[in-house]
Amino acid sequence: MSTSLPYAELFIAENDQATAARDRAADLGCEPVSAGAGAALAFIAASIAARNVVEIGTGTGVSGLHLFDGMVDGGILTSIDIESEHQRAAKQAFSDAGIAPGRARLINGRALDVLPRLTDGGYDLVLVDGDPREYPQCLLEAARLLRRGGVVVMAHALHGGRVADPTARDAETVAVRDAGRSLRDDDQWTAVLIPLGDGLLAGVKR
């Protein structure tokens, strides 16, 4: 397992725009999804022909670029972040990638303030990659926002390996762990934990 994971991470190469966005993330102190996790996001979006996607945590656009790679032509990404500087960087990344401005709906604000204003059952995919302490509430919002057959994905689901350590009881780790268990144990979801990057926990709404 330890020797195969680096190979899996780099199996699908990122394009120049994603690499540039990743460099901006390092400059701004963001932690984007890994290249392998990004490839998985593109795969998931493509597998369900995602047209309407919600992203919690815009960052500098790394995960957004991967989502656009998998979404149908003309699909709309609604991305929420509290950092306007990050969203400016993401807007630049999307522009550099040739993505039409109308396809990226960037909302500056706290996710738990914005999500209740979005349409019930109106989305194909929800990516949760914001404040770890808000993961449980974001999962509840995702259940409302997604259509039947839609997919929720929680990035950084392993939280630096701390989720698997029962002695780790800090607020962020507990919240991510609780959200993961809720997704796993709730009959309305079919879940899988993908060990790419810092972990992607995905669930299909049944």
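Values for this structure:
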{"item": "Neighbours by Cβ (under 8 Å, 6+ apart or cross-chain): first from region 67-82, under 14 Å from A45 (Cα atoms) and crowded, with 22+ Cβ neighbours inside 10 Å; second at pLDDT below 95 and of a type outside the set (S, T, Y)", "result": "none"}
{"item": "Residue ranges of helices (runs of 4 or more DSSP H) in region 1-64 with at least 2 members of a type in the set (A, V, I, L, M, F, W, C), modelled with pLDDT of 95 or more and closer than 15 Å to V126 by Cβ", "result": "35-47"}
{"item": "Filter result (surrounded by 19 or more Cβ atoms within 10 Å (Cβ to Cβ) and either more than 15 Å from the chain's Cα centre (by Cα) or farther than 27 Å from D120 by Cβ (or both)) within region 159-182", "result": "H159, V163, T173, A175, R177"}
{"item": "Residue in region 166-176 that is of a type outside the set (D, E, K, R) and modelled with pLDDT under 95 present", "result": "yes"}
{"item": "Residue within region 34-44 that is over 28 Å from G160 (Cβ atoms) and of a type in the set (A, V, I, L, M, F, W, C) present", "result": "no"}
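Conditions tested, residue by residue: (1) under 19 Å from I194 (Cα atoms); (2) small (G, A, S).
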{"position": "A8", "(1), (2)": "yes, yes"}
{"position": "R22", "(1), (2)": "no, no"}
{"position": "D27", "(1), (2)": "no, no"}
{"position": "P32", "(1), (2)": "yes, no"}
{"position": "A50", "(1), (2)": "no, yes"}
{"position": "V54", "(1), (2)": "no, no"}
{"position": "G74", "(1), (2)": "no, yes"}
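The values are calculated or read from the model by the stated rules, or taken from the named source; none is laboratory data. Worth saying up front: this structure is predicted, and the values here are computed from it rather than measured. Virtual Cβ from ideal backbone geometry, glycine too; neighbours counted across all protein chains shown.
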